[in-house]
Amino acid sequence: MATTLETDNQYRLPRSVEPEHYALTFKVDIEASSFSGESRTQVRVYEPVSEIVLNAVELDIHGAELMGADGTALPGEITLDEGNERAIITLSGVAAPGTHSLHLTFSGAIGDRLRGIYRSDFTGGDGLARTLAATQFEPTDARRAFPCWDEPDRKATFTTTVIADEAMVVIANSEVVEVTDLGNGTKQVEFAETMRMSTYLVALVVGPLEVTEPVDVDGVPLRVACVPGKAHLADFALEIGAHALRFFSRYFGVPYPAGKLDMIALPDFAMGAMENLGAVTFRETALLVDPARATRLELERVADVVAHELAHMWFGDLVTMKWWNGIWLNEAFATFMELLCVDAFRPEWGRWVSFASSRAGAMSVDALATTRPIEFPVRNPAEAEGMFDVLTYQKGASVLRMLERYVGEDPFRTSIAAYIADHAYANTDTADLWDAVEAGTGEPARATMDSWIYQGGFPLVSAESLGNGQIRLSQKRFRYLDDDADTSSWQVPILLRASVGGAVARHRILLDEKSTVIDLGGDPDWLVVNESGWGFFRTRYDATLAGALRDHLSELDALERFGLVSDTAASTVAGATPVDELVALVALFADETDPTVWSAVLSALGYLDRAVNDVDRPALQALVQRLAGPALDRLGWQPASGEAERTRTLRATLIQALGVLGADETVAATAAETHTRFLTDPASVDPDVAGAVVAVVASRGDDDDYALFLERFRAASTPQQEMRYLFGLAAFEQPRLVERTFELARTEIRSQNAPLVIGRLVDDRQTGAQAWGLLTGHWDELVARYPENLVERMLEGIVALSTPDQAKAVHRFLDTHTVASRQRGIAQLRERLDIAVAFRQREAPRLGASLADA
Ligand code: BES
Ligand code: ZN
């Protein structure tokens, strides 16, 4: 135990001194890529101290002095402990308990690694090179910009002053209170005091930006800032932004906690977006969009990200987790709220239906031996960074949705509103949330949820008909590589729907033992264990119940059909269901109309495509054509007037599946024609179709097509168009073109995108081996240039390298090459690779026959 404590202490700052208010001044010199700063921090000293310890890294601290309330000054000597990211200020005497002011002067470099204060280069509307400076502090990089108590529960108020070139726009967390012309081409901008908040939420953007006129949202001025020439792409973000502000004020019953809200699109950004209070930053694709040209999914992405970050203004900024082990409180909740908000914004998008794919994504990681509990111990910065993953976000949001459905929408909402009101301006841990839910719903939320939050994995719930209306439900952990010794068990909230003698009834069950028997009062005509798939578990039916379900597919909603396909596919990967059964099941979905259910069908077939021997691939392609061909024929290539918005997504999904996975020559030819027409007359092609044909053309493209894609990428008029052609470049399969794309990723492509492009090259049957060779050959260079979180994304494609020899080479390389903050994520990818190898070895020999018989 002593060691744990020592390690803890090594990373946690002493509590003898606490910050109350930071007055920060930054002088930002973009040309020189440097900044200098000064802080006067009001601190409360709790016991006599002769040193003050705070966080700082890669900063030069020039001077330190502690002023007492009586005006006495204690000079301090500064020692930097770079390894622990700390500065120790040794005072010339002892500071007495009470309030003091700590005065520090410091300076640092403006780097290009997309963290701390960093620079971002871009081409202005006039074609000239420009640079801006922006910040990204979460989780632990505020200490790269100013010495501070960089821990989420050291909340303080902030006033910021910025000195910069007079031509620059300067944005911080709060309203501008005064601008002073300092002469010699510089100005000083002073910002209002913020609420009490954590250091990771402080933000600063300085650059030659364009800012939209404020929209008044019930008294809150809402604006979008972006590089010049792109403000015409801001309307949709303003619309969802206004919707989200109103939606969340109502949901939480608490007004927006800052005086203004700016949403800032940055040309370089490591993540998707960041919830800095009042100054939310985004990558351009997540904020700027042309609704007339974007695919529905591209628009949905903007709505998602805006809603997610604005949910954080309450859940995260106003009420914050005590420490990084509790980051799921922030991120799972913001994800859950994002879905609620977007579902209210565009009900026709069926956002909770498409979320099923994300839930399945979380399950595919959570079924690994290398998974972790949602809440997990965190000591140092690398461990904090490693927490931002699919378990925190997607599993976390899924279990919140499971709880909400189980206790009911309104009791859940009132509980959350009480939680926000009770803990405003303060910090919480998970128990505080369950206290609020228990008080608000009368349900034993803590006991139920503890089994989901503090334990990794999830159950497989088996349903077995015992006759006379008796159904046995039992649970066992779901693993791809089964482990009989695993005795984990969950408190599983089950919403079950059954039809007995034609009468449909719902049953609410808490399965808190290994198994239980329920009585339906008669044998069911059919039975769905996981109503609408809200439960975070997979289901297995015995042969009778499974047969009944297949005969009554029309009784299932889209989420239940999704679950049936997804559960069967996962069970097949685990070796518990024969491939024949999976193939027979997906063959029942030719008439499916929901794009999310189709995506489950196609992703199952895509998994088989990775395993199938080349001689048998035509059988797989024929199956894809048999299923998706008639579905596309029914829809046609042109949207019908009055067609549901999601139908466009379905059309695009089918075109892409037929053109790539199905190798359908007719579809490929139509795609090529359509793309040519799109180039000369973009308005004549539906945006969703346009997105799909780009992918089809690229997968079969030659040198001329490549040149065209490159030109389109460089000259794109919207961020979405730019990404389509960029990722199109990664889909060209000829070796010399793969080489060119890799070279672009090393040089021209922004570091926020390049790792994803390389990841895409690796994740492809044709190009994977070559791309892996290039990646490993340049590893050190790539890792030095790319943000660490994206290095994991770059490696995602290794799962496709599933021949035994390739896999062995991958493991050998990764045994000696890693990045500190992504170790668990990389271990999970390696385990998924092993599963893919095992699946291929086991199933490839008989896949051909299964596919031909379907
Ligand atoms: N707080 C995160 C951004 C973040 C992620 C900071 C990782 C530090 C480390 C932000 O709220 C977020 O979750 N952004 C997502 C997008 C969102 C819509 C899921 C992202 O960046 O991917
Ligand atoms: Zn978030």
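The values are calculated or read from the model by the stated rules, or taken from the named source; none is laboratory data. Keep in mind that this is a model prediction, so the values were computed, not measured. We place every Cβ from the backbone using ideal geometry, glycine too, and count neighbours over all the protein chains shown.
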Subject >> Out of ALA356, ALA382, sole residue that is surrounded by fewer than 24 Cβ atoms within 10 Å (Cβ to Cβ) and small (Gly, Ala, Ser) >> reply: ALA382
**OP:** Run down VAL319, VAL254, VAL227 and say which single residue is among the aliphatic types (A, V, I, L, M) and closer than 30 Å to MET168 by Cα.
**Re:** VAL227
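Every residue, every condition in (1) hydroxyl-bearing (Ser, Thr, Tyr); (2) near ligand 1 (Cβ under 9 Å from one of its atoms); (3) under 16 Å from THR718 (Cα atoms); (4) in contact (Cβ under 8 Å) with a residue 24 or more places away in the chain, yes or no:
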site	(1), (2), (3), (4)
ARG283	no, yes, yes, yes
LEU287	no, no, yes, yes
ARG296	no, no, yes, yes
LYS322	no, no, no, yes
ALA332	no, no, no, yes
**OP:** Would you point out which residue out of ALA439, ALA431, ALA424 is more than 26 Å from the chain's Cα centre (by Cα) and either of a type in the set (Gly, Ala, Ser) or within 30 Å of ARG842 (Cα to Cα) (or both)?
**Re:** ALA439
**OP:** Report, by residue number, each residue of segment 323-353 that is within 15 Å of the chain's Cα centre (by Cα) and closer than 22 Å to ASP567 by Cβ.
**Re:** LEU339
Original post:
Assuming GLU348 fulfils every condition listed in (1) within 14 Å of ligand 1 (Cβ to nearest atom); (2) among the charged types (D, E, K, R); (3) in a helix (DSSP H, G or I) apart from one, which condition is it?
Top reply: (1)
Subject >> Considering residues of segment 37-60 that are of a type in the set (A, V, I, L, M, F, W, C) and in contact with a Pro (Cβ under 6 Å, 6 or more places away or on another chain) only, the residue nearest to THR105 (Cα to Cα) >> reply: ALA56
Subject >> Residue count, segment 576-593 (criterion: in contact with an Asp or Glu (Cβ under 9 Å, 6 or more places away or on another chain) and under 15 Å from LEU632 (Cα atoms)) >> reply: 0
Original post:
If you take the residues in segment 146-159 that are surrounded by fewer than 24 Cβ atoms within 10 Å (Cβ to Cβ) and part of a strand (DSSP E or B), which one is farthest from ligand 2 (Cβ to nearest atom)?
Top reply: THR159
Subject >> Test: residue in segment 533-551 that is out of contact with any Gly (no Cβ under 9 Å at 6 or more places or on another chain), under 29 Å from ALA836 (Cβ atoms) and among the polar types (S, T, N, Q) >> reply: no
Original post:
How many of the residues making up segment 581-622 are farther than 22 Å from GLY547 by Cβ and aliphatic (A, V, I, L, M)?
Top reply: 9
Original post:
Residues in segment 106-145 that are of a type in the set (A, V, I, L, M, F, W, C), assigned to a strand (DSSP E or B) and in contact (Cβ under 8 Å) with a residue 12 or more places away in the chain: how many?
Top reply: 7
**OP:** For segment 797-816, indicate whether the set of residues that are touching a Ser or Thr at 6+ places or on another chain (Cβ under 8 Å) and part of a helix (DSSP H, G or I) is non-empty.
**Re:** yes
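Listed here are the residues, each with its yes/no results for (1) farther than 22 Å from MET723 by Cβ; (2) away from ligand 2 (no atom under 16 Å from the Cβ).
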residue: ALA292; (1), (2): no, yes
residue: LEU297; (1), (2): no, yes
residue: ALA307; (1), (2): no, no
residue: MET337; (1), (2): yes, no
residue: VAL342; (1), (2): no, no
Subject >> Subset tally (residues that are within 16 Å of ligand 2 (Cβ to nearest atom) and either among the aliphatic types (A, V, I, L, M) or at pLDDT below 95 (or both)) for segment 369-406 >> reply: 7
Original post:
Say we look at segment 309-322 and pick out the residues that are within 16 Å of the chain's Cα centre (by Cα) and of a type outside the set (Gly, Ala, Ser); which of these is farthest from ligand 2 (Cβ to nearest atom)?
Top reply: LEU310
Subject >> First in segment 602-620 and under 14 Å from ALA569 (Cβ atoms), second anywhere and of a type in the set (Phe, Trp, Tyr), Cβ under 7 Å, 6 or more apart >> reply: ALA611/PHE839
**OP:** Please indicate, with yes or no, whether at least one residue in segment 724-735 is of a type in the set (A, V, I, L, M) and assigned to a helix (DSSP H, G or I).
**Re:** yes
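Condition check ((1) at pLDDT 95 or above; (2) within 17 Å of LEU829 (Cβ to Cβ)) across all residues:
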| residue | (1), (2) |
| --- | --- |
| GLN720 | yes, no |
| ALA731 | yes, no |
| ASN753 | yes, no |
| GLY759 | yes, yes |
| GLN766 | no, no |
| GLN770 | yes, no |
| TRP779 | yes, yes |
| LEU782 | yes, yes |
| GLY797 | yes, yes |
**OP:** Tell me which of these ALA707 doesn't satisfy, since it passes every other one: (1) surrounded by 24 or more Cβ atoms within 10 Å (Cβ to Cβ); (2) part of a helix (DSSP H, G or I).
**Re:** (1)
Subject >> Pick from segment 805-823, criterion touching a Lys or Arg at 6+ places or on another chain (Cβ under 9 Å) and surrounded by fewer than 19 Cβ atoms within 10 Å (Cβ to Cβ), ranking: nearest to PHE388 (Cα to Cα) >> reply: LEU814
Original post:
Hey, does segment 311-323 have a residue that's modelled with pLDDT of 95 or more, more than 26 Å from TRP434 (Cβ to Cβ) and of a type in the set (Lys, Arg)?
Top reply: no
**OP:** With the condition kept exactly as written, say whether any residue in segment 271-286 is surrounded by fewer than 19 Cβ atoms within 10 Å (Cβ to Cβ), under 19 Å from the mean Cα position of the chain (by Cα) and aliphatic (A, V, I, L, M).
**Re:** yes
